[in-house]
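For reference, the structure discussed in these notes is given below.
The values are calculated or read from the model by the stated rules, or taken from the named source; none is laboratory data. Model, not experiment: these values are computed from the prediction. Every residue, glycine as well, gets a Cβ built from its backbone with ideal geometry; the counts of neighbours run over all protein chains shown. With ligands, DNA and RNA removed, areas are computed over all heavy atoms of the protein, side chains included. Shrake-Rupley method; radii C 1.70, N 1.55, O 1.52, S 1.80 Å.
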Number of protein chains: 2
Amino acid sequence: MSTSDPYFQRHIFFCCNRREDGRECCADKGANELRDYCKQQVKKRGLAGTGRVRVNMAGCLDRCELGPVAVVYPEGVWYRYQNREDIDEIVEQHLANGEPVQRLKI
Amino acid sequence: MSTSDPYFQRHIFFCCNRREDGRECCADKGANELRDYCKQQVKKRGLAGTGRVRVNMAGCLDRCELGPVAVVYPEGVWYRYQNREDIDEIVEQHLANGEPVQRLKI
């Protein structure tokens with residue numbers, strides 16, 4: 001890896017914020033379970049690691065009303081996902097092959 | 001904001017991971033306090049919000065040995081910061097004006 005290569009080719013952050021005041025939040029909509037599932041799938045497909053893909057949890061990404069949300073950088077593509085099939089599609093099409101999943105974009 | 005504009009112009013993620021097994025981690029090196037400070041400074045300078053700057057905590061960014069670390073997207077610039085002066089420089093020079101702080105880059 002040269003010094004100009006990105007440390008991660010694609011870096012996906014899942015909002016895993018939990019609100020305790022009754023307002024809607026990503027954590028109430030399956031964010032943690034589906035973040036874990038995404039991490040497993042990325043690892044299983046051999047995509048994880050330096051120069052490749054990293055999956056992270058993040059604090060509130062401030063798009064609560066659209067949650068659960070995740071953002072993929074460096075592209076800055078935002079997703080609303082709802083189940084494992086959505087995650088599979090993001091992993092397969094975007095994280096592995098670089099093509100954003102149009103139907104899940106917000 | 002048009003649909004092609006990024007939701008956040010710059011998005012900085014601070015690794016705030018805490019390891020309980022004795023290995024070094026960003027949380028033991030002031031990450032949470034300096035993330036809060038960064039958030040305050042970004043707000044104070046009127047940089048926070050949609051189309052501008054977002055400051056977030058994140059789980060382990062997997063560069064523990066260089067910590068405490070933060071990454072700014074979409075540029076994918078990684079920093080090792082150690083004190084408030086470092087954060088001031090990242091906020092002023094990079095988050096506000098788009099010029100990475102060379103002396104703090106990793």
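Once the partner protein chains are put back, the range A:45-89 shows a loss of at least 10 square angstrom of accessible area, versus the chain by itself, at A:Arg54, A:Asn56, A:Met57, A:Ala58, A:Gly59, A:Cys60, A:Leu61, A:Asp62, A:Arg63, A:Tyr73, A:Pro74, A:Trp78 (probe 1.4 Å, ligands and nucleic acids excluded). In this structure, B:Glu99 and A:Glu75 have a Cβ-Cβ separation that, at R0 = 25 Å, corresponds to a calculated FRET efficiency of about 0.70.
Against the main long axis of the alpha-carbon atoms of chain A, helix A:31-44 sits at an angle near 20°.
Taking every DSSP beta bridge that has both ends in the protein assembly as shown, the antiparallel portion is near 60%.
Taken about its Cα centre, the protein assembly as shown carries a charge dipole of roughly 0 debye when the Cβ of each Lys and Arg holds +1 and the Cβ of each Asp and Glu holds -1. Just the protein heavy atoms count here, and of the accessible area of chain B at 1.4 Å, carbon and sulfur take up 42 percent. If R0 is taken as 45 Å, the Cβ-Cβ distance between A:Arg45 and B:Arg52 corresponds to a FRET efficiency of 0.80. Each Cα pair under 8 Å and six or more residues apart adds its sequence gap; the mean of these over the residue count of chain B is a relative contact order of 31 percent. Take the Cα of A:Asp88, go 7 Å toward its beta carbon, and the backbone nitrogen atoms of the range A:1-43 under 17 Å from that spot belong to A:34-43.
Per residue, the protein assembly as shown exposes an accessible area of 49 Å² to a 1.4 Å probe, with every protein chain left in place. In this assembly, the B-A interface accounts for approximately 1600 Å² of buried accessible surface in total, computed with a 1.4 Å probe and without ligands, DNA or RNA. Plainly put, the tip 7 Å out from Cα toward Cβ on B:Glu65 is 4.7 nm from that tip on each other copy, the closest given first.
Of all DSSP-defined beta bridges confined to chain A, some 55% are antiparallel rather than parallel.
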